[in-house]
Structures are given as C-alpha cells and as structure tokens.
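Contents: one structure, followed by commentary.
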Ligand code: SF4
Ligand code: SF4
C-alpha cells in the first residue's frame, strides 16, 4: 500500500500527473473510487482483492480530462477498457498513465498503449469461473431457450440504467434511450420496453464489451446483465477474430467490412 501511495505522491509532486484515480475504503468494507490531487489525498489510496470495480469510465469524463494528465490505479478490467477507449478514439494514445499493482504491492508504470497491451496479453480470462460457467450454460441452450431465459430475466428490470451508468463503454453524451423526440424506446419499465433497451444496448456493446462485469454488479435487482453483453462480445470474437480490450489499435468489426467477409448471417 505504501509503495502505491508513495508512487502517487511522486507523480503529483513531479507534475507527471495532475490527478491519480484509485480506490479508497468505503462504508461496509467496499472499495470506492478515490481522486487524489494532493499529497494528503494519496493517504486514502488502498489496494487489495476488493478493488474490483472498473474505474476507466472516469477517464472519458470532461471534468477529469480538464484536470490534466491522469494516472489511474488499474486492475485488469480497467486496463482492457483503457485500451478499448483508446481504440475508439475516446482517449488520446498514451494520454493516461496506468499503475498496475501486483499482489506483492509492487507498482508497474504502464505509460504507453503498447505497454498496456503487452501487460494485458499476459492476463488470464476476463470472466470469473462462475461467469464462464454461466456463459457455457447459455451457449449450450438453443436460441429459443436463450430467448425464454432473457425474457424472464429482463421482465425484472426496473429501468434504473445503473448498468449503463457503470459501463466504461457507455459514454455517449445522449443515449438513444433518453431521446424523446422521437421517443424510440418507451420510458416505463415493461416487458417490451425492457427488451428493446437491452437489445439495443447489447448490440451497441457487441465487439466493444471488455467483460468487466460492472453492469451486472451494479444491477439492484440482480439481473446478470453482463452475460448478455459478454455473449454478444464473444460472438463477435468468434465471427471476426477481434477481442475488445486487447489492443489500442482496432478497426471495429461491426463498423468496417472486408470483401471476403462471411455472409452466412444473411438469411
Ligand atoms: S457491458 Fe458490462 S461487462 Fe461489458 S464493458 Fe460494460 S460494464 Fe463491463
Ligand atoms: S441495472 Fe438492472 S434494473 Fe437497472 S436498468 Fe440495468 S438491468 Fe435494469
């Protein structure tokens, strides 16, 4: 912990970063985001196995960008999202200094997109063993069974949009869901509107979801909504060979084409 705090202090003191985003102790043992701009602020930084949330969503916020160079204490999810956001031109290449903390507390500075890419390449599967098991279960179902599964799950959705707010890849200034002229998707929580919201969101995240699980953790009614976007992401990976969050250089599979692309999906 001291190594991380000292590193953050040094970066701020030497002007290498104007803000360090990391984790601090919250109520009830949770780890919440921490924003250190002074040496005194860095005393709040913590790092342990409970630092699981993906902090990359803060990197695209205008108020954070205005503060200057950002350093971020980055778990695997944050690193993957950092790469994906760079690939999508939401962050300038090498604009963010990532601090990867090892189990023994040593801190590795990853100052370039290439350094982050190399680091991420050596990390294990993004999904937990439990989520992988659920994904395998979903994959083993027929399309009709999966439809029934999601229809049932999505009926419980209260349209609070916590899944959208917590997702680092949901950064649009105005979401289609909030458009009311015309009103594309009904505002109230009901079966059809819920299905529309989640179908649109899954399609927007297909090939872009970094499988951090943040949206599922944020859901107040316990819908495993991350499995829907992860499933869409893995479908794109299988079809086009592209993996979101693996590189800062990516021609988005669903936004580009090659003359020899498969057309088997056209029915
Ligand atoms: S859709 Fe969910 S799992 Fe995927 S990047 Fe967003 S928060 Fe993470
Ligand atoms: S967080 Fe859960 S309840 Fe809220 S909109 Fe997303 S799926 Fe629905």
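How big is the convex hull of the Cα atoms of segment 129-255, per residue, in Å³? Write out the running numbers ahead of the final one.
On the way: hull volume 15.2 nm³, N = 127.
In segment 129-255, the Cα convex hull volume per residue is 120 Å³.
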Calculated over segment 2-121: convex hull of Cα atoms, volume per residue (Å³): 97
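Once the Cα gyration tensor of segment 176-222 is found, what semi-axes does its equivalent ellipsoid get, as square roots of 5 times the eigenvalues, in whole Å, sorted largest first?
Working: eigenvalues 91, 42, 16 Å².
With the √(5λ) rule applied to segment 176-222, the semi-axes are 21, 14, 9 Å.
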Given a 10 angstrom Cα cut-off, can you work out which residue in 148, 101, 236 is the most mobile in a GNM of the chain? 148
Rg and Dmax of the chain, using alpha carbons, in Å: what are they? 19.4, 61
Within 10 Å of each residue's Cβ, count the other Cβ atoms and sort 221, 120, 185, 3 from fewest upward. 221, 3, 185, 120
Rg (Å, one decimal) plus Dmax (Å, integer) for the alpha carbons of segment 55-214? 18.1, 54
Of 125, 104, 41, how do they rank once you tally other Cβ atoms within 10 Å and put the fewest first? 104, 125, 41
Listing 149, 58 by rising number of other beta-carbon atoms within 10 angstrom, fewest first, gives 149, 58
Quick check: the distance between the Cα centres of segment 89-120 and segment 235-267, to the nearest angstrom? 26
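Rule-based calculations on the coordinates, nothing more; no lab input. These numbers come from a predicted model, not from an experiment. Methodologically, a virtual Cβ is constructed for each residue, glycine included, from the backbone with ideal geometry; neighbour enumeration extends over all protein chains shown.
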